[in-house]
Amino acid sequence: MAPKYAPSLRSRLAPFLLFLQIGFVVVYYFYIEIESNVNGIKFSNFYPVFQDLNVVVFLGFGFLSTFLVRYGFSGSGFNLLIAVIGTQWALLLNGFESWYYRGKIRIDLNSLVVAEMCTASVLISIGAVQGKTNPVHLILMALLEVFGFVLNEWLLQTLLPVRQLNFIMVLHIFGAFFGLVLTWILCRTESFQGFEKEKLDRKTGLFSMLGTVFLWMFWPSFNSILMEERRLSAVCSTYLALAVCAVASVALSVLSSPKGKVNPAHFQSCILAGGVAVGVSMPAIRYPWEAMTTGLAAAAVSTVGFQYLKNHMLFAFECHDTCSVLSTHGLPGLLGWLIQLVLQIQQCDDHTMAIRFAVFHIDALLITLATSLTMGFLTGVLLKWDIWRPPQDKKCFDDQAFWKFEHLAVRK
């Protein structure tokens, strides 16, 4: 008979969090400085965009994770916890080179933005294992994935002449496939019959739709935040791709439904695919019709993936993808990569340069996939240990395993 209560994390979570945060404070005390020579006009122009990114990371992903009936507090609360831990860790890792040569790490708004973008890949991956892990799992996952993402960034910069925008936008591909490998390693037998508490209802669906709306509204800022020369083009292209994707998602959802109705899960999962695809292919997008076509293709790929691949991934590969990160981020990310490759080759007048770009572009994808899959596998092996006290199958997708609710307390 299964235990009535989920394993207590008192001896795991609290000491781990305190040790980690005190360690960050000590390291920051000795090695971190805030950049003082900052242009006031540049700060005033950049700060609103930084706040847009915060909306995406904390409100967008946070509310998006509340779609499960009994996992709303965990979805949004753990999203905040992981985001702030991952950002602190990413600031240290991104500043390692500065520390090595200067002995100090100087941070500014741009540093915070890059760190939050690294953390966004973790929030994407969490969608694949949501509800089947505990907070200790998620913290370890964040530390290892941010390290893997920064390592991937270093490999791309060292081995290939890749600009910053390219590898930052590869976070969709990195995060999606990291999460897929992780959920494959952590697959449970209950996944095939369906978890008892993995359910949706209208109230939680409405909160989750609010997160989708936040992400949709602020995704142009997310795609353009690190661009200096073509920021207006990035904003306009992203908006057009998102608009076309929203329309196409509704149409395709109706077509794929036997009763001809819109599936809310389809709509939420696929409406952002256009923003993902156009973000990855942004360096090659020059005209509005290219962005709109990208959004249309992303909606088709994402809808088909959500409709057919999710169950096939479970039964064929034992991969239980809770939030369908493959169809929301993985497939649209690969589509954006392919569109960028085709458009860049088409725009090259020199055949030698076109071939050279194609080789580097393919190598960048292979390096990213290899790093993502390797780090995901190693993280999954580590999280598989029982020492972290994973929740039982009956306690998966349940806030009561981690949160205190007075109105549900057992009175003696």
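The values are calculated or read from the model by the stated rules, or taken from the named source; none is laboratory data. Owing to the predicted nature of the structure, the values given are computational and were not obtained by experimental measurement. Cβ atoms come from the backbone with ideal geometry, glycine included; neighbour counts cover every protein chain shown. When the accessible area is computed, the model is the full protein with side chains, heavy atoms only, and any ligands, DNA or RNA have been set aside. Shrake-Rupley method; radii C 1.70, N 1.55, O 1.52, S 1.80 Å.
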>> Which residue, 365, 396, 380, has the largest displacement toward the positive end of the dipole of region 337-412 when charges sit on each Cβ (Lys, Arg +1; Asp, Glu -1)?
In response: 396
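When the Cα atoms of region 1-137 are enclosed in a convex hull and the volume is divided per residue, what value in Å³ results?
Values: hull volume 17.0 nm³, N = 137.
In region 1-137, the Cα hull volume divided by residue count equals 124 Å³.
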> In debye, nearest 20: dipole of the chain around its Cα centre with unit charges on the Cβ of K, R (+) and D, E (-)?
Replying inline: 1300 debye
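Per the 1.4 Å probe, what fraction of the accessible area of the chain, in percent, lies on carbon and sulfur atoms? Write down the numbers at each step before the final one.
Details: 13470 of 20030 Å².
Carbon with sulfur: 67 percent of the solvent-accessible area.
Can you give the Kirkwood hydrodynamic radius of region 166-310 from its Cα pairs, in Å with one decimal?
Taking every pair of different Cα atoms in region 166-310, averaging 1/r and inverting gives 16.4 Å.
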> Assigning unit charges at the beta carbon (Lys, Arg +1; Asp, Glu -1) and nothing else, what dipole magnitude in debye, to the nearest 20, does region 1-100 show about its Cα centre?
Replying inline: 620 debye
> For residue 210 and residue 104, what is the calculated FRET efficiency with R₀ set at 41 Å and r taken between the beta-carbons, to the nearest 0.05?
Replying inline: 0.50
>> Below 8 Å, C-alpha to C-alpha, sequence gap of six or more: please give me the relative contact order for region 199-302 in percent.
In response: 31 percent
> Scattering from the C-alpha atoms of region 15-91 alone, worked out with Debye: what is log10 I(q)/I(0) at q = 0.15, 0.19 1/Å?
Replying inline: -0.75, -0.97
>> If I model a spin label at residue 366 and residue 151 as a point 7 Å from the Cα along the Cα→Cβ vector, what separation in nanometres do I get?
In response: 1.9 nm
>> With viscosity set to 1.002 mPa s at 20 °C, what whole-number translational diffusion coefficient in µm²/s follows for region 9-49 from Stokes-Einstein and a Kirkwood radius over Cα pairs?
In response: 162 µm²/s
> Hey, what's the chain come to in accessible area per residue, 1.4 Å probe, Å²?
Replying inline: 49 Å²
> Counting Lys and Arg as +1 and Asp and Glu as -1, each charge on the Cβ, what is the dipole of region 36-169 about the Cα centre in debye, to the nearest 20?
Replying inline: 100 debye
>> Positive end of the dipole of the chain, charges at C-beta (+1 Lys, Arg; -1 Asp, Glu), about the Cα centre: which of 298, 319, 200 has its Cα farthest in that direction?
In response: 200
>> From the alpha carbon gyration tensor of the chain, can you work out the equivalent ellipsoid semi-axes (sqrt of 5 times each eigenvalue) and give them in Å, largest to smallest?
In response: 33, 28, 20
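Give, in nm to one decimal, the length gained when the segment between residue 231 and residue 20 is fully stretched (0.36 nm per residue of separation minus the Cα-Cα distance).
72.3 nm
I need the peptides 139-148, 358-367, 118-127 ranked by packing, meaning the mean over residues of other C-beta atoms within 10 angstrom, with the highest value on top. Before the final figure, lay out the partial values.
Values: 139-148: 22.6, 358-367: 15.3, 118-127: 27.9.
Packing proxy ranking, top to bottom: 118-127, 139-148, 358-367.
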> Using the alpha-carbon centroid of each, what span in Å lies between region 365-387 and region 39-113?
Replying inline: 23 Å
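Based on the Kirkwood radius over alpha-carbon pairs, what is the Stokes-Einstein translational diffusion coefficient of region 308-412 at 37 °C with 0.692 mPa s viscosity, in µm²/s? The partial results should precede the final answer.
Details: Rh = 18.3 Å.
It comes out at roughly 180 µm²/s.
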